[in-house]
Amino acid sequence: MMISTFWYTLGQGFKNLTRNGWYTLASIATITASLFLFGIFYAVLANFQNIVQEAEKGVSVTVFFHKGTTEDEMLALKAELEMRPEVRQVDFESAAAAWEEFKSQYLGEYAEGYGGDNPLEDSSNLQIYMTDVSRQSSLVSYIESVNIVRVVNRSEIAASTLSAANRLIALVSFGIIALLIAVSVFLISNTVAVGISIRSEEITIMKYIGATDFIVRAPFVIEGIIIGLIGSLLPMGIVYLIYRAATDYFSSRFTMLKSFFSFLPTSAFFGNLMLITVIIGVGIGFFGSMITVRRHLRV
Amino acid sequence: MADEKNNEKNKAEEKAPRRKRRTKPRVTQDEIITIENVTKTYQTGSPALNGISLHIKRGEFVFIVGDSGSGKSTLIKLLLRELEPTSGNITVMGYNLGRIRHRQIPKFRRKLGIVFQDFRLLKDRNVYENVAFAQRVVQTPPGKIRNNVTAMLSLVGLAPKYKNKVTQLSGGEQQRVALARALVNKPDILLADEPTGNLDPGNSWEIMKLMEQINERGTTVIVVTHNREIVNSMRKRVVTMNQGVIVEDMEEGIYRDDD
């Protein structure tokens, strides 16, 4: 392709936008609306996921050992568990440390009555934090099969609720994204179809003169891409501003919320969101116009 | 000086045989359009063209006449490769139109200039843009476009109005813009479909004279027309069609009444 052809095609693509101005505006508006909703959902879901992940960090499995198990054996199991991918962190608490803590928390000066005895001498334990709570039960059944282990304490409900919440988030986001993309492709395709019908005479003339398929089609595809690009950048700006304003408002109004969770800062997710949205927007524009051009221009 | 003259001579001599070589392999000497036994049937009804054969030499000026429904439009569409023949062979400028690949069609059409009854100009652009447009779509370098377009507009006498919107022009002027557009890519054949159909007699003659000039410069010109007066006074080859067949083909012919 020659450079002048490139500029010609690009120029025509931009001119198409103004030639059927209202339709262009309408489709930019609808894509903006779709991607705006997408952006809002994404921000809400990112926060929700963050809450779930924070909650997951607190869910742990506690392992107690049979009488007579040595500390070396316990530490060997700790090292082994730390190798597993679903395990984020393992804390070892010796019987002595457990007793010290119990004394300081609940007994205070009365603890002296126990002298050198440790009533919690069987309470050495491993505290396991996971990266993925949905794999908790398989981990537990593995640990229970280890012969030095006496009992494994865990919270089944917390784990299953959290992993269900995670699945739901994934499902909901997927469904919404699919729906919005379908709607936007339909709209872009309509705009391009209108553009083609408006310019059908020009297209016929181009064909008679000997324009290649590429030269005829390219301006329409570029038109679609530009619509997609504008339709993705615009809502991102709006989402950014709204998110900032909303989180500021909620954090200052409902200070007690802070003890439960904090909003994600825009820097934590906005880069990803921007990238995804622009890819979706340009993708919608490209494929929407490509499909339409192929169907309407049998050149 | 002498050397320069010799060079020019040599160039001229080089050009002549090259042109011959190009036409030789496929068709008989200097035949630019060969239609052999072509039938075109649409999905419904009787054939629009029924086994016609027509041979046109390079540089000829040919009128194709006939009533509506005689098959003229179908013939034009076949020559443009807008349609494919149902049977028979069409060779235009060495391209076998029955076998030409889709990708080659644009290349083929660039060697054809076409003019329509309704001008088919781009109404939202000015005269210059309409002609330049033809050069853009065939990817002429931008530096050459201006020279070529200016030259063409001078040829059709519209250079002073190059900035006007085509909607501000008279019918005759619009057709001249269309002619300039058809010729700017230097086609081997000019195909005109009822070029004077929407024009008054004065403008019709202007257009016809331009076409004759273009023909004298070596372009093969084919004009489909209803204009009896013009056909009868120009004394060119006339091919008469009726109900899908060629009923008469005369050198220096006339447009005869059926009755």
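Some observations on this one:
- Taken as a whole, the structure places B:VAL131 among residues that are within 14 Å of chain A (Cβ to nearest Cβ), touching a Leu at 6+ places or on another chain (Cβ under 8 Å) and under 15 Å from B:LYS186 (Cα atoms).
- Only residues that are part of a helix (DSSP H, G or I) and out of contact with any helix residue (DSSP H, G or I) (no Cβ under 7 Å at 6 or more places or on another chain) were counted across region B:206-228, and they come to 7.
- Complete set of residues in region B:87-127 that are touching a strand residue (DSSP E or B) at 6+ places or on another chain (Cβ under 7 Å) and within 30 Å of A:ARG19 (Cα to Cα): B:LEU112, B:GLY113, B:ILE114, B:VAL115, B:PHE116, B:GLN117, B:ASN126
- Tally of residues being more than 9 Å from chain B (Cβ to nearest Cβ) and touching a residue at least 24 places away in the same chain (Cβ under 8 Å) across region A:200-229: 15
- Restricting attention to region A:145-175, the residues that are under 30 Å from A:TYR106 (Cβ atoms) and at pLDDT 80 or above total 6.
- Some residue of region B:159-182 being surrounded by 21 or more Cβ atoms within 10 Å (Cβ to Cβ), touching a residue at least 12 places away in the same chain (Cβ under 8 Å) and within 9 Å of another protein chain (Cβ to nearest Cβ): yes
- Matching residues in region B:62-85 - criterion: being away from every other protein chain (no Cβ under 14 Å), more than 20 Å from B:THR196 (Cβ to Cβ) and touching a Phe, Trp or Tyr at 6+ places or on another chain (Cβ under 9 Å): B:THR74
- The requirement of being hydroxyl-bearing (Ser, Thr, Tyr), closer than 27 Å to B:VAL92 by Cβ and in contact (Cβ under 8 Å) with a residue 60 or more places away in the chain is fulfilled somewhere in region B:206-220, by at least one residue.
- Residue check, A:SER138 exposed (fewer than 12 other Cβ atoms within 10 Å of the Cβ) and touching an Asp or Glu at 6+ places or on another chain (Cβ under 9 Å): yes
- Taking the listed residues A:SER232, A:SER289, the one that is in contact (Cβ under 8 Å) with a residue 12 or more places away in the chain, surrounded by 18 or more Cβ atoms within 10 Å (Cβ to Cβ) and in contact with an Asp or Glu (Cβ under 7 Å, 6 or more places away or on another chain) is A:SER289, with no other qualifying.
- Residue pairs meeting the criteria (Cβ under 6 Å; at least 6 apart or on separate chains; first more than 9 Å from chain B (Cβ to nearest Cβ), in region A:1-24; second aliphatic (A, V, I, L, M) and surrounded by fewer than 19 Cβ atoms within 10 Å (Cβ to Cβ)): A:ASN20/A:VAL194; A:ASN20/A:ILE198; A:TYR23/A:VAL194
- Only helices (runs of 4 or more DSSP H) whose full extent lies in region A:19-103 are considered here, and the ones with at least 1 residues that are within 25 Å of A:THR161 (Cα to Cα) and modelled with pLDDT of 80 or more are A:21-58, A:71-82.
- Scanning region B:85-137 for residues that are touching a helix residue (DSSP H, G or I) at 6+ places or on another chain (Cβ under 7 Å) and of a type in the set (Ser, Thr, Tyr) returns B:TYR95, B:TYR128.
- Single match in B:LEU121, B:LEU169, B:LEU190, B:LEU155 (criterion: over 15 Å from A:LYS207 (Cβ atoms), among the aliphatic types (A, V, I, L, M) and at pLDDT 95 or above): B:LEU190
- Taken over region A:149-199, the criterion of being within 14 Å of chain B (Cβ to nearest Cβ) and surrounded by fewer than 20 Cβ atoms within 10 Å (Cβ to Cβ) is satisfied by A:ILE198 alone.
- Test: residue in region A:1-15 that is touching a strand residue (DSSP E or B) at 6+ places or on another chain (Cβ under 7 Å) and among the basic types (Lys, Arg): no
- Check on B:PHE108, under 27 Å from B:MET208 (Cα atoms), surrounded by 17 or more Cβ atoms within 10 Å (Cβ to Cβ) and modelled with pLDDT under 90: no
- Pick from region B:65-87, criterion touching a residue at least 40 places away in the same chain (Cβ under 8 Å), assigned to a loop (DSSP other than H, G, I, E, B) and over 19 Å from the mean Cα position of the chain (by Cα), ranking: farthest from A:LYS207 (Cα to Cα): B:ASP67
- Taken over region B:216-255, residues that are surrounded by 15 or more Cβ atoms within 10 Å (Cβ to Cβ) and basic (Lys, Arg) amount to 2.
- Note on region A:196-299: enclosed helices (runs of 4 or more DSSP H) holding 2 or more residues that are more than 30 Å from B:ARG136 (Cα to Cα) are A:213-253, A:266-296.
The values are calculated or read from the model by the stated rules, or taken from the named source; none is laboratory data. Remember, it's a predicted structure, so these values are computed and weren't measured experimentally. Cβ atoms come from the backbone with ideal geometry, glycine included; neighbour counts cover every protein chain shown.
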